[in-house]
1. May I ask you to list the residues in the stretch 103-123 that are of a type in the set (S, T, N, Q) and surrounded by 19 or more Cβ atoms within 10 Å (Cβ to Cβ)?
2. Taking only pairs six or more apart or across chains, which ones have beta-carbon atoms under 8 Å, a first residue in the stretch 387-399 that is closer than 14 Å to V269 by Cβ and surrounded by fewer than 21 Cβ atoms within 10 Å (Cβ to Cβ), and a second residue that is modelled with pLDDT of 85 or more and β-branched (V, I, T)?
3. Please work out which one of (1) in contact with a Leu (Cβ under 9 Å, 6 or more places away or on another chain); (2) more than 30 Å from W172 (Cβ to Cβ) is the condition L360 fails and give its number.
4. Of everything in the stretch 220-230 that's in contact with a Ser or Thr (Cβ under 9 Å, 6 or more places away or on another chain) and under 28 Å from D186 (Cα atoms), which residue is surrounded by the most Cβ atoms within 10 Å (Cβ to Cβ)?
5. Please tell me if F224 is under 20 Å from D66 (Cα atoms) and in contact with a Leu (Cβ under 9 Å, 6 or more places away or on another chain).
6. Just to be sure I understand the filter: pairs with C-beta atoms under 7 Å, separated by 6 or more residues or on different chains, first member in the stretch 185-201 and assigned by TED's automatic domain parsing to the domain that holds T173, second member surrounded by 15 or more Cβ atoms within 10 Å (Cβ to Cβ) and charged (D, E, K, R). Which pairs pass?
7. Would you point out the residue of the stretch 125-170, among those that are out of contact with any strand residue (DSSP E or B) (no Cβ under 7 Å at 6 or more places or on another chain) and free of Cβ contacts under 8 Å to residues at least 24 places away in the same chain, that is farthest from S103 (Cα to Cα)?
Amino acid sequence: MRRNRTLLSVLCAVVSVSPCYAERRNDDGTGTRDDSLWSETESRTNSGSGKSKCGISENAGKIRIDSKKGKGGSAAYQSAWTVDWTDSFVMEFEHELKSSRPSKTSQSASSGMALGFGTFNAATGWTDGVNVVVTRTKAERTLTASVRVAGVVVDSATANLATGAHDFKLVWTSFGGAVSLAVQLDGSSSPLVSLSGLESRFAGREAEGMGVSLFGTSAGNFKFEASFDDVSFSGDDYNDDDDSGFDDDDGSDDADEDGDSSGDDSAGVANFNAALDAIIAASNLPLLEAESDVQAGSLVVKALQWNATDDKLVQVVANANTGAIVSTRSWTPTASQSDKYEDSISVINLVVLSAQDAVLEALGMYPGATVHAIELEEESGRPQWQVELATASGEREVRIWAD
């Protein structure tokens, strides 16, 4: 099942100890890959005779993993490029798991995408990380997203999956220090499954980056074939301290989380402020920060708020064009989040000037600019809004007293 579309691929030929930060590369739109931009190693299990139980092949950019001879086993492509998991990124790929219906409950086949750290196993993925796996058993076909820490599954979410080929989008979001994963299917913007709280699962692993791999495995000598095609990656390098010179390959260091080539996820002042109005009306909580973004093709504003009643951070996402609330979630801040927002929270009750009025004041200094973000900061015991704008001559930062 090939869709008529052009996907943007990040394929970074770097060693695994040197993370790649969202440098995007393009394929030719037909699925043909430039092998010079990939660096992969193949691993597989063998039979007693030394012959491979599972095989791997690649043609015109499509990766196939199969156990056609029914000998069981596992195989994988383990990529040598890594991504910085503390940034937001999107991975897309087309996947199909072909098999008959197993005749025994002991038989199964699975294949999927693994994101993780440390030791990699062709059958089970990384010892620490996230697996998104399609499994075929006698009873059903399922998709499971699971979190593994030190080899132990500590969290998972599962949904039934129809037969045939599917387009997957893995939306990894890091915002306000909170990290989550949503798995979207066949163009839907609603997650099929999702995982949250990933920042606490992998705390301390930031410097390692995150490796990527494709794998498949068979149990009970079951025959299967899995294919991966149009694998792509796009990420956020906006306002990072750890860019190391990499950007989204569109000529500027920007907020390009959605993977388009424009490099501009900013919103007009009317849309930005209307989204803030909708968010504050929905939650009635003071604002710590907000930023514009493009998610699933829609311009949104993501806001982080503080709920002093239960000492929790609250994230609300609103459609910038309609004002509709897309999602709301709250959580107890981690130690690093508490440290990051401690100063802002200390002056939050001193705020008199609203974020919307601060945006209007900043736009008065740069007419025609669009809005990337706004953040509440503490300066000499006073609250101050930091407004980030996109102008024709580049990024501008405006600081406005909020009291």
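1. Those that are of a type in the set (S, T, N, Q) and surrounded by 19 or more Cβ atoms within 10 Å (Cβ to Cβ): Q107, S108, S110, S111.
2. V398/V387
3. Against the list (1) in contact with a Leu (Cβ under 9 Å, 6 or more places away or on another chain); (2) more than 30 Å from W172 (Cβ to Cβ), L360 comes up short only on (1).
4. Going residue by residue through the stretch 220-230, those that are in contact with a Ser or Thr (Cβ under 9 Å, 6 or more places away or on another chain) are 220-228, 230.
Add one more test, that the residue is under 28 Å from D186 (Cα atoms), and what stays is 222-228, 230.
Working: F222: 23, K223: 18, F224: 24, E225: 18, A226: 27, S227: 21, F228: 23, D230: 22.
Top of the filtered list is A226.
5. Spelling it out, F224 is indeed under 20 Å from D66 (Cα atoms) and in contact with a Leu (Cβ under 9 Å, 6 or more places away or on another chain).
6. Close Cβ pairs (under 7 Å, with a partner that is surrounded by 15 or more Cβ atoms within 10 Å (Cβ to Cβ) and charged (D, E, K, R)) amount to D186/D167; G187/D167; L195/D155.
7. Residue satisfying both the conditions and the ranking: V152.
The rows are residues; the columns are (1) hydrophobic (A, V, I, L, M, F, W, C); (2) in a helix (DSSP H, G or I); (3) more than 22 Å from E397 (Cβ to Cβ); (4) in contact with a strand residue (DSSP E or B) (Cβ under 7 Å, 6 or more places away or on another chain).
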position: A270; (1), (2), (3), (4): yes, yes, no, no
position: A278; (1), (2), (3), (4): yes, yes, yes, yes
position: L285; (1), (2), (3), (4): yes, no, yes, yes
position: E289; (1), (2), (3), (4): no, no, no, yes
position: S292; (1), (2), (3), (4): no, no, no, yes
position: L299; (1), (2), (3), (4): yes, no, no, yes
position: A303; (1), (2), (3), (4): yes, no, no, yes
position: T322; (1), (2), (3), (4): no, no, yes, no
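The values are calculated or read from the model by the stated rules, or taken from the named source; none is laboratory data. No experiment lies behind these values; they were computed from the predicted model shown. Note: ideal-geometry Cβ built from the backbone for every residue, glycine included; neighbour counts use all protein chains shown.
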